[in-house]
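**Student:** The structure is given below, and queries will be raised subsequently.
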Amino acid sequence: MKKIILASSSPRRKQLLEWAEVPFEVVVYGTDETYPAGLTVDAVAVHVARQKALAVQSHVQKKSIILAADTIVVLKGRIIGKPKDRDEAVRIISDLSAQKHAVITGVVIMSDQTEISFADSTDVYFHDLTLEQIEFYVDKYKPYDKAGAYAIQEWIGVVGIKSVVGDFYNVMGLPVSRVLKELKKIIG
């Protein structure tokens, strides 16, 4: 497989590609993560991923394959971003407690001739969490760089998640098996 450029600084995406034994390097340039009003939630995730890919594309060789992704959390139709501080992280997880939410990852794979884009959605159901559990998680793990204020592979996922419907790895930040399938279309 040709070397891929991962247009993401996410340690989780890096780890997932390493587990899949995909050769890649990380290249990241600052990206505006805003999006036009009126987009569906799937389109929002793909739009931001495309912005990340385009930011890198202008700085790399033409024959490079760029993989970019953006993950969002959606509760009752509302996009939940990354928490700004402890209080917001506690509030977000409290809102997710005993609820179903969707984790949507938008993926864009670009080569000099092709672009493949898609969104993958996974439903996550939380148990009813106590304030003590939520505060423990936020204080110990400080999930300020995570959409929805949590990471499924951390303590909160082990004790707080009732079930997952869809791709578990999508919740970590990258639907790896689908990404590999799409990469084969470009690489051959």
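**Student:** THR105 fails exactly one of the following numbered conditions: (1) part of a helix (DSSP H, G or I); (2) of a type in the set (Val, Ile, Thr); (3) out of contact with any Phe, Trp or Tyr (no Cβ under 6 Å at 6 or more places or on another chain). What is the number of that condition?
**Tutor:** Every listed condition holds for THR105 apart from (1).
**Student:** Quick one: ALA43 ticks every box in (1) at pLDDT 95 or above; (2) within 20 Å of ALA151 (Cβ to Cβ); (3) hydrophobic (A, V, I, L, M, F, W, C) except a single one, so which number is it?
**Tutor:** Every condition holds for ALA43 apart from (2).
**Student:** Could you grab the pairs with beta carbons closer than 8 Å, sequence gap of 6+ or different chains, first residue in segment 11-33 and in contact (Cβ under 8 Å) with a residue 24 or more places away in the chain and over 22 Å from LYS181 (Cβ atoms), second one buried (at least 16 other Cβ atoms within 10 Å of the Cβ) and charged (D, E, K, R)?
**Tutor:** Here the result reads VAL28/LYS52; THR31/LYS52; GLU33/ASP70, each pair linking segment 11-33 to a residue that is buried (at least 16 other Cβ atoms within 10 Å of the Cβ) and charged (D, E, K, R).
**Student:** For segment 1-42, give me each residue that is under 16 Å from LEU174 (Cα atoms) and either among the basic types (Lys, Arg) or assigned to a helix (DSSP H, G or I) (or both).
**Tutor:** Scanning segment 1-42 gives PRO11, ARG12, ARG13, LYS14, GLN15, LEU16, LEU17, GLU18, TRP19, ASP42.
**Student:** State whether the residues of segment 56-74 include one that is farther than 29 Å from VAL165 by Cα and assigned to a helix (DSSP H, G or I).
**Tutor:** Yes, segment 56-74 contains a residue that is farther than 29 Å from VAL165 by Cα and assigned to a helix (DSSP H, G or I).
**Student:** Output the residues belonging to segment 88-141 that are within 30 Å of PHE24 (Cα to Cα) and of a type in the set (S, T, N, Q).
**Tutor:** THR105, SER111, GLN113, THR114, SER117, SER121, THR122
**Student:** Can LYS76 be described as surrounded by fewer than 20 Cβ atoms within 10 Å (Cβ to Cβ), of a type in the set (Lys, Arg) and modelled with pLDDT of 95 or more?
**Tutor:** On the way: surrounded by fewer than 20 Cβ atoms within 10 Å (Cβ to Cβ): yes; of a type in the set (Lys, Arg): yes; modelled with pLDDT of 95 or more: yes.
For LYS76, the condition - surrounded by fewer than 20 Cβ atoms within 10 Å (Cβ to Cβ), of a type in the set (Lys, Arg) and modelled with pLDDT of 95 or more - is met.
The values are calculated or read from the model by the stated rules, or taken from the named source; none is laboratory data. Values in this document were obtained by computation on a predicted structure and should not be read as measured data. Cβ atoms come from the backbone with ideal geometry, glycine included; neighbour counts cover every protein chain shown.
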